[in-house]
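Participant: Just passing along the structure, written as structure tokens.
The values are calculated or read from the model by the stated rules, or taken from the named source; none is laboratory data. Computed from a predicted structure; not experimentally measured. When we count neighbours, we look across all protein chains shown, and the Cβ atoms used for this are built from the backbone with ideal geometry, even at glycine. In case anyone asks, the SASA skips ligands and DNA or RNA and just uses the protein heavy atoms, side chains included. Shrake-Rupley method; radii C 1.70, N 1.55, O 1.52, S 1.80 Å.
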Amino acid sequence: MRLLPRLHLFEFLDQSWLPEVLRRGEVDYLHVVLDKTRPYDGMATQLAALLRMAGTNQIVDLCSGTGGPWRTLLPVLRKLNGEAEVVLTDLHPTPGLELPEGARYRDTPVDATRIPEELTGVRTLFEALHHFRPKQARAVLEDAVARRVPIAAFELTQRSLPYVLVQLLLVVPLVWGFTPLIQPRRWWRWLFTYLVPIIPLLVLWDGVVSSFRTYAPEDLEELTEGLTANGYTWHLGVHRARGMAITYLIGQPGE
């Protein structure tokens, strides 16, 4: 499939000035879509292997938003590793979420390019690496290499014309369809989804921009070129399941 050029365009969720109501409206929609479609459950085997290799049960999830896929993924992972735990972190944290057993949300901001030393374990990013420009993305990976910790990044978005066209056609109807499933129900959510449809347009814009920002496997090869200190190795590819394609990048230190 021919790739579109990578463009690091403006994305609303990256902006600190975005009103909290609109930020929450967008991330709550993404939250319920992940809960219902469960695209990342199949990644549990790879994560269990990383934990085993690293000799830890701890995962530090970066750029977690409202919890990413962990409400469904962690119970699957704990069937393979009953002691697995995840600490959710974000630059704009969303504490007070309903989370599965073994998950907790750090309520202070965490910049993925400057991770506090006390946060140890396998690092994960779901739908997050594309938020960083190449220099920043490489810095995130370099830090994992320097600290000799495994890191795994996963992306559902694709930088292709068919994928973008599907988003243009389907995203707004999907937001309208999934919104009644979001709990708790809030008056502002209905106002900004149906009467004044700002939230669907934000989701559409950010979704299309995310596609243009997405790192394809060949981009990931460039990002990781030379990042091999201390025997660090990288594995990347595309996992296909349930009609979806997940681009993944997994790095781990040598023994």
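Participant: Go through I182, V145, H130 and say which Cα lies farthest out towards the positive end of the charge dipole of the stretch 127-203; charges sit on Cβ, +1 for Lys and Arg, -1 for Asp and Glu.
Facilitator: Sorting the options by dipole projection puts first V145.
Participant: Here's a follow-up. For the chain, which whole percent of the accessible surface, found with a 1.4 angstrom probe, sits on carbon and sulfur atoms?
Facilitator: 58
Participant: For a quick check of your reading of the filter: which GluC sites (Glu not before Pro) in the stretch 51-100 sit in a DSSP loop and have no more than 13 other Cβ atoms within 10 Å?
Facilitator: E83, E98
Participant: May I pose another question? Kirkwood Rh, the stretch 1-105, all Cα pairs: how many Å?
Facilitator: By the Kirkwood definition, the hydrodynamic radius is 15.2 Å.
Participant: Something else about it: Residues of the stretch 151-239: accessible area per residue at 1.4 Å, in Å²? Let's see the in-between values first.
Facilitator: Values: 4410 Å² over 89 residues.
Using a 1.4 Å probe on heavy atoms only, each residue of the stretch 151-239 averages 50 Å².
Participant: Just by accessible area at a 1.4 angstrom probe, what is the order of W190, W17 from largest to smallest?
Facilitator: Working: W190 95, W17 145 Å².
Accessible-area ranking of W190, W17, largest first: W17, W190.
Participant: Can you give the Rg/Rh ratio of the chain, where Rg is from the C-alpha atoms and Rh is the Kirkwood radius? Intermediate values should be presented prior to the final figure.
Facilitator: Values: Rg = 17.7 Å, Rh = 18.7 Å.
Here the Rg-to-Rh quotient is 0.95.
Participant: Continuing with the same structure: Could you provide, to the nearest whole Å², the per residue accessible area of the stretch 15-80 with probe 1.4 Å?
Facilitator: The answer is 39 Å² per residue.
Participant: What number, in percent, do you get for the relative contact order of the stretch 6-155 if the mean sequence gap of Cα pairs under 8 Å and at least 6 apart is divided by its residue count?
Facilitator: Relative contact order comes out at 22 percent.
Participant: Here's something else I'd like to know. Where both residues lie in the chain, what percent of DSSP beta bridges are antiparallel, nearest 5?
Facilitator: Roughly 50 percent of the beta bridges in the chain run antiparallel, per DSSP.
Participant: Right, next: Quote the charge dipole size of the chain about the Cα centre in Debye, to the nearest 20; the model charges only the Cβ of Lys and Arg (+1) and of Asp and Glu (-1).
Facilitator: Value, rounded to 20: 560 debye.
Participant: Positive end of the charge dipole of the chain (Lys, Arg +1 and Asp, Glu -1 on Cβ, about the Cα centre): tell me which of P253, L30, Q15 has its Cα farthest that way.
Facilitator: Checking the options against the dipole of the chain, the answer is L30.
Participant: Over all pairs of distinct alpha carbons, what does the Kirkwood formula give as the hydrodynamic radius of the stretch 98-199, in Å?
Facilitator: 17.2
Participant: Follow-up. Can you tell me the 0 to 90 degree angle between the C-alpha axis of helix 161-178 and the longest principal axis of the chain, rounded to 10?
Facilitator: So the helix axis and the longest Cα principal axis differ by about 60 degrees.
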